[in-house]
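Peer 1: Take a look at this one; I'll ask things after.
No value in this document is a laboratory result; all are computed from the given coordinates. Since this is a predicted model, take the numbers as computed values, not measurements. Counting neighbours? That spans all protein chains shown, and the Cβs are built from the backbone with ideal geometry, glycine included.
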Amino acid sequence: MILLTPDIRFALRANDINHRAAQRDGKPEPDPVPVLKLFNPLGPATWLATELAEDGDALFGLADLGFGCPELGYFSLSEIASVRLPFGLGIERDLGFETTHRLSVWADAARRCGSILDAQSEFRRTANRAATELPRPRG
């Protein structure tokens, strides 16, 4: 599986460039939404990435290896891509991943819940509750 499509690579690089520009100019650092979710199809390891460094390998985002302590930081795309799992599987990209939550919101929720996957479930439950609690139009 291709882990980075050209569009995802472009978005990740753009976020990195914006981050570096903010640092250089003394402006507040941006808090982008994750544009990439990678996961282990046989286990709990999950990564959310917002940036790709100029080297084309160092991703920045939220990493959760399944030990109950998701962390913000850099992780290596090449190392993740080199993981070989049973049955000929490898780390996969979540093809349907979309979010409106910024990385800081993901990090707070994942730390509170203990994992990225549990945070994602919490976001879905909250969205479903909000959808069912909307007032119905009078007619």
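Peer 1: Just give me the residues in the stretch 35-55 being among the aliphatic types (A, V, I, L, M), over 8 Å from the mean Cα position of the chain (by Cα) and buried (at least 22 other Cβ atoms within 10 Å of the Cβ), in sequence order.
Peer 2: Within the stretch 35-55, Leu52 is the sole residue that qualifies.
Peer 1: Related question: In the list Arg9, Arg20, Arg13, which residue meets the criterion of being surrounded by fewer than 15 Cβ atoms within 10 Å (Cβ to Cβ) and of a type in the set (Lys, Arg)?
Peer 2: Arg20
Peer 1: Now for a different question. Since Leu95 meets every condition but one in (1) crowded, with 17+ Cβ neighbours inside 10 Å; (2) under 15 Å from the mean Cα position of the chain (by Cα), which condition does it not meet?
Peer 2: Result: Leu95 passes all but (1).
Peer 1: Based on this model, can you work out whether Leu77 counts as closer than 19 Å to Thr5 by Cβ and surrounded by 15 or more Cβ atoms within 10 Å (Cβ to Cβ)?
Peer 2: Against the criterion (closer than 19 Å to Thr5 by Cβ and surrounded by 15 or more Cβ atoms within 10 Å (Cβ to Cβ)), Leu77 qualifies.
Peer 1: Would you point out the residue of the stretch 106-135, among those that are in a helix (DSSP H, G or I) and polar (S, T, N, Q), that is nearest to Val35 (Cα to Cα)?
Peer 2: Gln120
Peer 1: Sticking with this one: Which of the numbered conditions does Thr100 fail, given that it passes all the others? Conditions: (1) within 16 Å of Asp31 (Cβ to Cβ); (2) touching a residue at least 60 places away in the same chain (Cβ under 8 Å); (3) in contact with a strand residue (DSSP E or B) (Cβ under 9 Å, 6 or more places away or on another chain).
Peer 2: With (1) within 16 Å of Asp31 (Cβ to Cβ); (2) touching a residue at least 60 places away in the same chain (Cβ under 8 Å); (3) in contact with a strand residue (DSSP E or B) (Cβ under 9 Å, 6 or more places away or on another chain) applied to Thr100, the lone miss is (3).
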